[in-house]
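Accompanying notes for the structure given below.
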Amino acid sequence: MTWKLPDRVSWTPTEYGGVLLDAASGEYWTLNPSGAVVLGALLAGGGPEQAAARLAAEFDGDPAVMAAEAPELIAELTAAGLVVAG
């Protein structure tokens with residue numbers, strides 16, 4: 001499965017993670033560095049497994065913990081309409 005941002009959503013990485021803007025609603029969401037890694041993995045064509053692997057590599061974390069956290073964030077981003085499968 002591939003993921004993308006809807007046309008109304010823009011993404012700007014920052015040194016502290018990143019910001020998503022929904023132009024339709026005017027709402028901003030901030031992502032911390034680990035959230036930015038997950039979103040980056042999705043937009044690069046990866047899925048939850050790749051996002052978890054990137055988290056574990058980037059933050060030297062427990063792969064089992066990362067494997068649980070990545071899908072949770074993806075579900076939150078999807079529920080908010082910030083990323084869509086496609």
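Nothing in this text is a laboratory measurement; each read-out follows from the coordinates by a stated rule. Predicted, not measured: the structure shown is a model, and the values here were computed from it. Neighbour counts run over all protein chains shown; Cβ positions are idealised from the backbone, glycine included.
Miscellaneous remarks
- Residue-averaged [θ]222 nm for the chain, counting only DSSP H segments that reach four residues, each worth -39500 (n - 2.57): -15000 deg cm²/dmol
- Degrees, to the nearest 10: 48-59 long Cα axis against longest axis of the chain: 70
- Sparsely packed chymotrypsin sites (Phe, Trp or Tyr not before Pro) within the chain, loop by DSSP, other Cβ within 10 Å at most 16: 16
- Per-residue Karplus couplings for segment 22-30, computed as 6.51 cos²θ - 1.76 cosθ + 1.60 with θ equal to phi - 60°, are listed in order as 8, 5, 6, 9, x, 7, 10, 10, 9 Hz, Gly and Pro entered as x.
- Candidate values (1) 11.3, 32; (2) 12.2, 38; (3) 15.3, 55 were compared with Rg and Dmax of the Cα atoms in Å computed on the shown model; the agreeing label is (2).
- Residue with peak Gaussian network fluctuation, the chain [Cα springs, cutoff 10 Å], from 57, 68, 24: 24
- Other-chain or far-sequence residues with amide H under 5 Å of residue 19's (modelled H): 12, 14, 31
- Helix 63-79 axis versus longest C-alpha principal axis of the chain: approximately 10°, rounded to the nearest ten.
- Dipole magnitude (debye, nearest 20) for the chain, charges at Cβ of Lys, Arg, Asp, Glu: 280
- Comparing 70, 56, 23 in a Gaussian network model of the chain (Cα springs below 10 Å), the most mobile by mean-square fluctuation is 23.
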